Structure formats: C-alpha cells, structure tokens
Amino acid sequence: MILPRTIEILDQLGVADRFLEEGNRVPHIRLRNAPDGQQLTHFDFTDLTGETAHPYAIALAQDRTERILLDAVQATGLVDVRFGVEVASLSIGDDGIDVTAHQAGAHTSLAADFIVGADGAHSIVRHAMGIDLAGKTYPSRALLADIEVPAAREQADFWPTLLREAGLVVGIRFGPRIFRIVADAIDDRVDESNMDAEVDRLSRLLFAAPPTRVVWRAIYQKHQRCVPTFRRGRAMLAGDAAHLNSPAGGQGMNSSIQDAHNLAWKLGRIVTEDDADVDALLDSYAGERRGYVIEQIQPFTDRAEWFETAPSWLRALLVTVGGRITGADRTAPAMARRLSMLDTRYSRSVLLVGDDRAVGKRLPDVLGPNGKRLLAGNRDAVILHSQREAAAAALGEALSLPVIDGDLAMLAEFFGGDRYIALIRPDGIVGWATATGAPSIAACRHALGGIGMK
C-alpha cells in the first residue's frame, strides 16, 4: 500500500501517474466484517484534501512498484543498474569507499565517493560497516497471499475482514479480482506443507469462495528493529537494511522510500554545491530518519501490532467501542492523517535551525488562490512568506531561491500566526522559520547544509 506522503514524493519525481495507471486508487479504506457485512471502520483520506494533492492511497504489488521505479531510473540515462552483483567487502576511507564485489564468479573492484546500503534485512553492506540491527522479534508470524477471486465475489468498495481469527485478517484489493490476504497471526502449525490449504480456508471465509488462482504466498516472522546509526563515514543505510517493523499500517516500504527521498537531495547538494558541508548533510540524514523511526514509526506499529494480534474478543470490542466514539464507524481525520504519514516531523537534526513551532515539520501542500497546489512541481528549496513580501524577496534573491506567497488560513494555523518567513527544503520540510525576526541568510544556508554556517 502506497500512502499519501509517499505519493507526494513519487509526484515530485514525476512518476505518480504511472502508479495511478497500474494501481488501485484508494480514497477510502473501509473494513467490513466478512461474515455479516457490518462496516467496522473507515479511514477517509479525502479529509486530507486541504493539505495534499493526493488524498488517497494506491494499492499495488511491490514487484510492480519496483518495476516502475527501475524503469524511471533507467530512463534518466544517469544510472548504471547492475544485477547479480554481491558486495563482498568494504573499505571506508575519509574521501571515499573501496568495494570488492562478486559478479558471475569473478571479483570486481569499485571505487565510489559514497555507498548506500539498501540491500534488505540481511544487508551485506550493514555487516561490512560493523553495525547490528538491534531490537525484538514479535511472537506471531504473518501470512501474505495474492489471490484471484471469482468474478461474482469481487468486492470493489471495501476490504473484507475477519476479526475473530487468531490475528486480524484483511483482503486488500489490488485490482480487478486480485486481492492480497494479510493474516497477522497464523497458527504455529501452518508451514510450507499446508500453506495452500490455509490460503484456501481464509479465502472461503473472506470471499465465500476458494481462489481461482494463487499468484504468490509467503509466511514470515515480524520484527521491530533499528540500527544505532544510519551512517558510518561515507557509508549510509536505508530501508530494511536500517530498520524493520511490523507491516501493520503499511509503514515499512513507505518509510524506506522516504529514507531515500531525505538522503537524495542531500547527496545531490554534496556533489553539486561547492559550499556543501558533507558531515552536516549526512549527519542530518542519519539523525532525522533514525529519530523518525524511533519516535513515530515504532510506537505506531507497536500499537497496531498489539491490536491486530490481540485476543479476538478484545479486538471486536475495541472496534465496536471505537466506532461509537468516532461516530458511525468512521475514524477521526487525525488517525487518517497519521496513517497517511502526512504528519512527518523531525526533531533530531544538525540542520534544523531555531525553535519556531513549524521547524522540522512537513509543510501542508495547500491550495493557493489560483487553484494550484502551493508546491506543485517544485523540486528545490523555496522561501515561503506571509505579509513579509519585501524581506522574503531580498532573502530569495540572496539565496537564488524562488519566493512563494503563503498568506493562507491553513498555513496561518500551521505557523501559529499570519506573518512569517520560512525556508522550505526540497523534501517539503520546514528548515528554518521566523514570525517576527529578521530574515537570516546564514540560517537558511545552514538549513540547506552550507559549509561554515553552524
């Protein structure tokens, strides 16, 4: 499941349309009890229309997600993609990385300015860096199965759900007749020898019919783990190589893409800007993303894991009570916002400047008076202001950055007043802001990783 915050990133990269063409657009997540059709809960992403151009999720298999991204990368002509290459050893120096790799049975030596280990939970790069993936393993195992259901059992507007299994079981629609069964806590006796029978059983419970085809299925152990640092010298870690979490809430792949997004603009500045502070930029990546995982992802997925594997009677009771509290089994907008990952904020970073309430938070991508999104098509930093036109213009000219008028009600609420100047980073995060103070060229340069601006 690709969540709104990640779709914003894909749009910024110019590939969101491909995902919408191939995936299933999901503006509402409605869970209904499969046995009786009762609606259990409703995540309404359309509540988020005021702050994002993408108030929906996209359901798409990960292999298709990876193919679209690979095609986009190769289309740039700037990347040499090699398959079948396995890192054997690393030597991390002050000015670069020496890599020894195996390819087709032969040794290959590579020299690079930087290396990013995004090679999964068993990362060879991480091991070569001497970093452990510390944390815990959940006691329950999960089962995933992509199945094709009979045409008569197609459920296009909701996801059938089983509350009274050992763990929560949901059928997520990926496309016409294709659903992913997610069973969060399966019986210990289920293994490779009887997995197909279990998939058949769950399909009958969810769709009142066996699958017409099983596309793929797997059982896996769930973990909650994170490395103590995302960086060692010029070597970085990202994605599953750096952190693992329960798949509850779909945070894993989405947070991994967001790792890459955070790091990419910083590496871009390092290789293109003469005044780039390498250590500050890379330290900020490590601090921001690890802090985000520890402070936001892990608590969220721990709570979701607890709910999804709680005793079935308790899970059913919580859904019933929760529906009454939030009104007609509809979740509060705040919960939809959290699930969407639009509440991204960073508290640990050497680049964040000042104590303004907005610093470190993702800027809402609101609609401007011209009917266009404030940050539409933007891939670089910008100066945003409200009622401080002259000062913002001078700052923008000094930094060679575009200036945007943000005199809008939602942004006044976000910044805590209707007068402000702010630097918005390329990833949409507020790097520096002031309500009444003088514009600071030095502070803005520091927020973008400029050398000598600490």
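The values are calculated or read from the model by the stated rules, or taken from the named source; none is laboratory data. Because the structure is a prediction, the values reported are computed rather than measured. Glycine gets a Cβ as well: all are built from the backbone with ideal geometry, and neighbour counts include every protein chain shown. In case anyone asks, the SASA skips ligands and DNA or RNA and just uses the protein heavy atoms, side chains included. Shrake-Rupley method; radii C 1.70, N 1.55, O 1.52, S 1.80 Å.
Summary table below
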quantity: Qualifying position, being modelled with pLDDT of 95 or more and surrounded by fewer than 20 Cβ atoms within 10 Å (Cβ to Cβ), among Arg189, Arg201; calculated: Arg201
quantity: Residue, surrounded by the fewest Cβ atoms within 10 Å (Cβ to Cβ), within the stretch 83-97, restricted to residues that are under 15 Å from Ala112 (Cα atoms) and charged (D, E, K, R); calculated: Asp94
quantity: Yes/no for Arg177 being over 22 Å from Ala248 (Cα atoms) and either touching a Phe, Trp or Tyr at 6+ places or on another chain (Cβ under 7 Å) or among the basic types (Lys, Arg) (or both); calculated: yes
quantity: Residues of the stretch 157-184 that turn out to be aliphatic (A, V, I, L, M) and open to solvent by 20 Å² or more (accessible area, probe 1.4 Å), as a count; calculated: 4
quantity: Matching residues in the stretch 98-125 - criterion: being open to solvent by less than 90 Å² (accessible area, probe 1.4 Å) and either within 23 Å of Ile257 (Cα to Cα) or in contact with a Pro (Cβ under 6 Å, 6 or more places away or on another chain) (or both); calculated: Ala112, Phe114, Ile115, Val116, Gly117, Ala118, Asp119, Gly120, Ala121, Ser123, Ile124, Val125
quantity: Unique match (being surrounded by 10 or more Cβ atoms within 10 Å (Cβ to Cβ), under 30 Å from Thr212 (Cα atoms) and either out of contact with any helix residue (DSSP H, G or I) (no Cβ under 8 Å at 6 or more places or on another chain) or not hydroxyl-bearing (Ser, Thr, Tyr) (or both)) among Ala145, Ala128; calculated: Ala145
quantity: Considering residues of the stretch 377-401 that are touching an Asp or Glu at 6+ places or on another chain (Cβ under 8 Å) and part of a loop (DSSP other than H, G, I, E, B) only, the residue modelled with the highest pLDDT; calculated: Leu401
quantity: Flag if Pro228 is open to solvent by 10 Å² or more (accessible area, probe 1.4 Å), farther than 21 Å from Ala112 by Cα and in contact with a strand residue (DSSP E or B) (Cβ under 9 Å, 6 or more places away or on another chain); calculated: yes
quantity: Subset of the stretch 19-47 that is in a helix (DSSP H, G or I) and in contact with a helix residue (DSSP H, G or I) (Cβ under 7 Å, 6 or more places away or on another chain) - its residue that is surrounded by the fewest Cβ atoms within 10 Å (Cβ to Cβ); calculated: Glu22
quantity: Residue list for the stretch 396-421, filter: within 22 Å of Ala276 (Cα to Cα) and small (Gly, Ala, Ser); calculated: Gly396, Ala398, Ser400
quantity: Residue ID - modelled with the lowest pLDDT, chosen from residues in the stretch 61-94 that are in contact with a helix residue (DSSP H, G or I) (Cβ under 6 Å, 6 or more places away or on another chain) and within 30 Å of Asp157 (Cα to Cα); calculated: Arg64
